[in-house]
Structures are given as structure tokens and as C-alpha cells.
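To start, the structure under review is shown below, and the notes come after it.
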Amino acid sequence: MILTHENADFDALASLLAASKLYPKAIPVLPRRINRNGRAFLALYGGALPFVAPDDLPRGRITHAILVDTQSLTTLKRMSPQVQVNIIDHHELSRELPTGWTYTGELTGATTTLLVEQIADQGLTLSPLEATLLLLGIYEDTGQLTYESTTARDLRVAAWLLEQGANLAVVNEYLHHPLAPDQRALYEQLIEQTETLDLNGQTVVIAWAEAPELTEEISTLAHKLRDLFEPAALFVLVALDRRVQMVARSTTDSIDVAQIAAHFGGGGHPRAAAALIREQTLDQVRSELRRLLPRFVRPAITVGQIMSYGVQTFSPQMTVQEAAERMQRLGHEGYPVVDDGRIVGLLTRQAVDRALRHGLSGIPIERVMEKGEVYVSPDDSIERLQQVMTTYGWGQVPVVAEGRLVGIVTRTDLINLWGMPSVVSRRQEIADLLSRSLP
């Protein structure tokens, strides 16, 4: 048997299909609960795919199972207690495996990627429908190849699937499926009931609601709320019938939502996790979450960590010619303009060059500078810096601490962050472990 997790998304369904291509003697078994857009896809195209419902399985003892996109086994009737299980997953192994279990996996944006690589290597053929479902699996789990967990391998496999006839119009249709009426009602509740926390310079949003009659999945709403609020991390808590569903999303390496979900009996990976919590009320879960969060939210990168300390300043009365000569010696692209200790603008090399081309070398630079008292502090987050640069269009922003100009941070400093390894130091790991062990 080939099995996946309940509340299956497109990566789960696509992984079932891909594994069935690689293991043609194994039966790809649909879970009993499938996300709404997946159900809609199967209602139209499922008859042309090899999936089998649990109630339609042939008689016989189940002795081997291939688990895709999950590390938890869903027990089926006639499954042997000594069943041999092979896990294929794009998440890190989260626990010690029982006897008879094996794990195959690498960190990619989607499990589908790992399986399709093998399909391509073996020279297997795909129909356009199969290629389309496989591409849906990759696109959904990688945010259409935009999430930070996306790898070059995901892009290469996506390109190969397009070559096999994957239909982007169909992919787009099912990735942007409209919300069901009860999902819309729940979404409105969640927007109205949110709490925003500032933890170590990171914005964390908790949204909660009660929906005892809900039959649709919640993950779609989590994606919409994340796009709406743009937090570092989002936790959606929904009280269902005698249980609370938690769906968590993170946009930063400094908040591992899988570790937080694990405290509630759930799991996932650092950027996306979930838990189904029994025997606790919505208020109890929310209170426990708020208590846990400070332990798991590491400080965000701040302006002070990437800025340059010490900065050359210009006077607004300096002429363009004087500024050009000074820029030639110093070699930077932008300089704060300071008058009586107060920032009044920013002078860029581009503005000086433009003035020189127009024969304006003798005018004061206050006539060509970008005007404004714009600055950030060393403790400001990178998100705050990005907002300032976007709002004012300044590629170099002065940094002020306790009323004193202490440095400058540039667009180049921000771009250089892209190349910083997202690896937590051993010292930070030890500090985190000690923090979590405290009562």
C-alpha cells in the first residue's frame, strides 16, 4: 500500500501518484479526509488516476506500506502488526523509527520533487494529467516556487513536468479555488479575533474562532491570513467539536512552528505545522500558546547587526562641486545631510552627477538632496528597515541611537543578508535548550 496523511493536500496526492509510478505493484490509497481543492480535482479527474478508496481495497493481509509526505502511519483494516514501512518525506526525520521502518528523504520544497526526480531518472512516461497533478503538488507546497523552503531541485522538476505536458491553466484554477461558505464565515471570524504579539523583535499573530460545524480544512485560511497580516509567525486556533485545531505558519528561520506544535501533540516542519488538541478549551490552548511562545521565538536580525558604524555627513550649504570632490575621495553612494545635529536629508551620488551634467556645480546640495528626517535605530528589525526604504525610496538610511547619528545601513547590506547561512550557532542551540528546560 502507498499511504499519506489525512487532510491531504496536493503534495500528498501528487506523492501518492508519483510513488505508484515508481512502485507499480503497490496500491495508492486515498485518505478519508482530503482538502477541498483536492476533492474538487479528484471529482473531475480522479477516474483517470490509479487511486483506490480505503473501502475498496482488495482482501488480504497488508504487510508493506510506503508512507509519502508524512511520518505517521494511518492504520487500515487487515494491516499486519509487523507491517514494514518505508517513509518518503521532504521533512527531517522527527523521531526514532520502530523496527521494520525505513526513512528516505531530503529537504526540498515538496515530497513530490523527490519522487519525480526518480521518475525522470528512470525514463518513465507521464500523461499530461499526471504531470499536472504532480506540478500542483510542487506549486502548492512551495507557494508557486516562492517559499524560502523552495530549492533549485523543485524548479528543475517543475520545468521537467511542464515539458511532459503539465497544464498551468488547470494548476492555477485549483490553487486559487474559491472558499466554501463556511470557510468564508470562519475567515471573517478569524480576522476579527486576532492578537498581535511583539516577541524579540518578531511579530507573531494569533487568530482564533469557534466553528463546531466546520467540515472544510483550515490551512487555506492560514495562508490567506498570513498574506493579510504579514507576520513572522501565525497561529490559527479553531474550536471544533470537542477539540481544537491549530494551524501554524512561519516566514522566518528564527521561529520553528513544528517545535511549538509538538508541545500540543502535533508536528510538521519549521515553516508549517499543525496539531489537533483534545481535552482543552480554546481559551486554554491560547493561554498555553502565549506562555510557550517566548521560549521559541529567537531574536530577529536587527539593523545593528548589519549596519556600518561611523558615517561621513554633509552640510546642506556645501556646494554640489564640493560634494562631488568629497564623494570621489570617500567612494560611497549616499551620505546623510546634517544641519545643527539633525538629519535633514540624504545626498546620493546619482543626484550629484545629475546636477553636474546640468551645470549646477555651484548650488548648495540642499537643493538636490532627498529631503526628510528619515532614520532607523540599531534595535529596529529588518522588516522595519525594509518599510522605511520602500516608503521613502532611500537606498542608504541613517542609524540614530539616543539622539545621535551612529552609522548608516544600505540596500547592499540588506541584499547581503540573502547570502547569510540560516544556521543557528551551537551557542544559540544550547541557550534554546536551557530555556525550554526551565519551568
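Computed quantities for the displayed model
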read-out	value
Among residues of segment 133-159, those that are within 23 Å of Ala43 (Cβ to Cβ) and among the hydrophobic types (A, V, I, L, M, F, W, C), counted	5
Every residue from segment 88-99 that is at pLDDT below 85 and either basic (Lys, Arg) or part of a strand (DSSP E or B) (or both)	Arg95
Among (1) in a loop (DSSP other than H, G, I, E, B); (2) of a type in the set (Ser, Thr, Tyr); (3) crowded, with 17+ Cβ neighbours inside 10 Å, the one test that Thr215 misses	(3)
Of residues in segment 152-174 being of a type in the set (S, T, N, Q) and surrounded by fewer than 18 Cβ atoms within 10 Å (Cβ to Cβ), the one farthest from Asn37 (Cα to Cα)	Asn167
Single unsatisfied condition, Thr74 versus (1) within 19 Å of Tyr103 (Cβ to Cβ); (2) part of a loop (DSSP other than H, G, I, E, B); (3) out of contact with any strand residue (DSSP E or B) (no Cβ under 7 Å at 6 or more places or on another chain)	(3)
Some residue of segment 382-390 being out of contact with any helix residue (DSSP H, G or I) (no Cβ under 7 Å at 6 or more places or on another chain) and farther than 30 Å from Leu199 by Cβ	no
Options Thr104, Thr108, Thr75, Thr99; residue that is among the β-branched types (Val, Ile, Thr) and in contact (Cβ under 8 Å) with a residue 24 or more places away in the chain	Thr108
Residue within segment 33-41 that is assigned by TED's automatic domain parsing to the domain that holds Ser149, modelled with pLDDT of 95 or more, within 28 Å of Gln245 (Cβ to Cβ) and in a loop (DSSP other than H, G, I, E, B) present	no
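To keep it simple, each residue is scored yes or no on (1) within 30 Å of Met246 (Cα to Cα); (2) in a helix (DSSP H, G or I); (3) at pLDDT below 95.
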residue	(1), (2), (3)
Leu16	yes, yes, no
Pro24	no, no, no
Pro50	no, no, no
Gly60	no, no, yes
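The values are calculated or read from the model by the stated rules, or taken from the named source; none is laboratory data. Keep in mind it's a predicted model, so treat the numbers as computed, not measured. Neighbour counts are summed over all protein chains in view; Cβ atoms, including those assigned to glycine, are modelled from backbone coordinates with ideal geometry.
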